[in-house]
Amino acid sequence: MNASSQTNQVPAEAEALTQHLNKEISIHGFVYKIRKMSGFSFVILRTKRALVQCVHSPGYTEFPVEVLKENMSVIFFGKVAAEARSQMGLEIRLKKCEILSAPVAGAPVVINKNSVEASLDTLIDLRPVTLRNVRERAIFKIQEGICRGIRDFLYHNHFTEIHSPKIVFSGAESGSDQFRLDYFGRKAFLTQSPQFYKQMMTGVFERVFEIGPVYRAEKHNTSRHLSEYTSVDLEMGFVSTLRDIMRLEADMLSHTLAFLSEAYAQELTIWGPDYLPSVANIPEIPFAQAKEMVSKTYAREITDGDDFEPEEERLLSELMKKLTGSDFTFVTRYKSSKRPFYAKDCADDPTVTDSFDLIFRGLEITTGGLRIHDYDQQVAKMRAREMNPEDFQHYLLAHKTGLPPHGGLGLGLERFTARLLKLPNVRYATLFPRDTGRLEP
Ligand code: AMO
């Protein structure tokens with residue numbers, strides 16, 4: 001008879017194991033670390049979410065510890081015992097084991113210490129292995145938590161989740177950074193954002209969102225640009241001011257961070273305290289004023305009056321943190337010439353748009369704004385930019401047949417995760433990054 005049928009197979013969560021105190025159980029996972037002590041050994045089992053302390057003692061355990069090797073897949077059978085000195089407050093006294101698979105090679109880097117001592121490139125080259133380190137792995141559990149928190153918030157606020165095409169006829173953002181492809185003899189692109197589709201859907205569902213991949217043919221290799229990233233996009237109809245969108249984002253982030261601290265406490269504990277920011281009272285500043293303030297405070301000459309340099313974004317964040325205590329800053333009233341054709345201009349000054357960026361710990365993580373919903377206005381703005389409305393007839397069909405006043409935002413998931421954990425490069429928070437130099441793994 002298989003030994004597992006005689007025992008309770010339990011998930012390796014602390015709470016689940018606690019319910020089995022003093023009982024015989026079976027548990028599966030990977031051998032993470034074997035630490036020989038005098039007279040017994042600790043065998044740390046890596047399960048899908050935890051590290052479980054197991055004890056091998058020759059008088060009690062019915063197999064020799066030498067049969068175990070790091071990274072083996074195993075089923076352990078043993079008794080759950082209280083142990084105050086272990087992280088879970090309990091341990092498993094090993095009785096038997098079933099080896100399911102054994103590696104044919106050792107790990108190319110040490111993965112069972114607090115962190116992996118390797119360069120970013122090595123971390124990524126060896127992802128299937130380096131992610132077995134629990135600190136590395138926690139980044140992506142936290143990223144999962146961010147998506148769950150956001151989804152949860154948006155469903156609760158009556159947003160419909162959509163899935164728009166990734167192969168498209170034309171780009172929405174800017175012409176230069178699109179990946180072209182041959183689509184059965186026709187010119188096509190990989191989508192830069194679901195912008196057109198989410199806007200069109202406000203005329204159908206009123207409130208929509210999508211979490212999915214988008215593509216930017218970024219020629220430059222920076223710590224914040226990826227060629228493929230995950231965009232959290234939302235769009236809502238019947239909004240009256242830009243603040244409706246900014247407030248929604250603040251509430252969404254607040255909900256998400258509260259959710260993380262509850263449901264992902266074990267991963268946050270691995271990273272340590274001081275990561276979760278407060279979202280209360282995010283300051284708001286117009287772009288021109290932000291530029292001036294940074295220039296004056298840090299005695300920097302303004303070389304590009306239309307956009308932020310990355311260093312200015314960082315300094316603005318630093319300054320706003322000092323002045324207001326917030327890790328976040330909303331920057332509004334970006335120049336129309338620098339925003340896409342679908343952006344709505346401000347009623348009091350058509351040279352600036354009713355749009356915003358959200359800067360978090362020195363990095364832009366979100367762009368959002370009100371959109372032009374009026375057909376004639378949209379066509380006029382396209383013409384003023386020497387675009388041909390005919391090329392956008394499917395998009396404009398929505399405007400022509402009536403769209404509500406609407407607005408929305410796009411948040412870069414990797415950028416948000418990276419800044420949340422204070423990672424210096426967005427690639428740390430990307431499972432398998434794609435950039436100018438990387439197509440594998
Ligand atoms: P934007 O182009 O500013 O706006 O992108 C929105 C957010 O996506 C992230 N982001 C990136 N992350 C990693 N690598 C990149 N190359 C990259 N480019 C952008 C950033 C950025 O703030 N359609 C609009 C959004 C909207 O208005 O709804 C858009 O895509 O976090």
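The values are calculated or read from the model by the stated rules, or taken from the named source; none is laboratory data. All values derive from a computational prediction rather than experimental measurement. Reconstructed Cβ throughout: ideal geometry from the backbone, glycine too, with neighbour counts over all protein chains shown. The area values use the complete protein model at the heavy-atom level, side chains included, leaving out ligands, DNA and RNA. Shrake-Rupley method; radii C 1.70, N 1.55, O 1.52, S 1.80 Å.
Filtering A3, A50, A16, A12 for residues that are in contact with a Phe, Trp or Tyr (Cβ under 6 Å, 6 or more places away or on another chain) and at pLDDT below 95 leaves a single hit, A3. Are any of the residues in the stretch 322-339 free of Cβ contacts under 8 Å to residues at least 40 places away in the same chain and touching a strand residue (DSSP E or B) at 6+ places or on another chain (Cβ under 7 Å)? Yes, because at least one residue in the stretch 322-339 is free of Cβ contacts under 8 Å to residues at least 40 places away in the same chain and touching a strand residue (DSSP E or B) at 6+ places or on another chain (Cβ under 7 Å). Among the residues making up the stretch 294-316, those that are under 28 Å from G407 (Cα atoms), more than 14 Å from the ligand (Cβ to nearest atom) and open to solvent by 10 Å² or more (accessible area, probe 1.4 Å) are D304, G305, D306, E309, R314.
Being in contact with an Asp or Glu (Cβ under 8 Å, 6 or more places away or on another chain) and more than 30 Å from M200 (Cβ to Cβ) holds for only one residue in K344, K338, K291, K322, and it is K291.
The set of residues from the stretch 195-214 being open to solvent by less than 40 Å² (accessible area, probe 1.4 Å) and not aliphatic (A, V, I, L, M) comprises Q195, F196, K198, Q199, T202, F209, E210, G212.
Residue-by-condition table, conditions (1) in contact with a strand residue (DSSP E or B) (Cβ under 8 Å, 6 or more places away or on another chain); (2) closer than 30 Å to H373 by Cα:
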site	(1), (2)
G171	yes, yes
D177	no, yes
R180	yes, yes
M201	yes, yes
S231	yes, yes
L242	yes, yes
A263	no, no
E267	no, no
S278	no, no
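Residue count for the stretch 152-172 satisfying the condition of being within 16 Å of the ligand (Cβ to nearest atom), open to solvent by less than 50 Å² (accessible area, probe 1.4 Å) and outside any strand (DSSP E or B): 8.
If we keep just the residues of the stretch 215-241 that are basic (K, R) and within 9 Å of the ligand (Cβ to nearest atom), which is surrounded by the most Cβ atoms within 10 Å (Cβ to Cβ)? My answer is R216.
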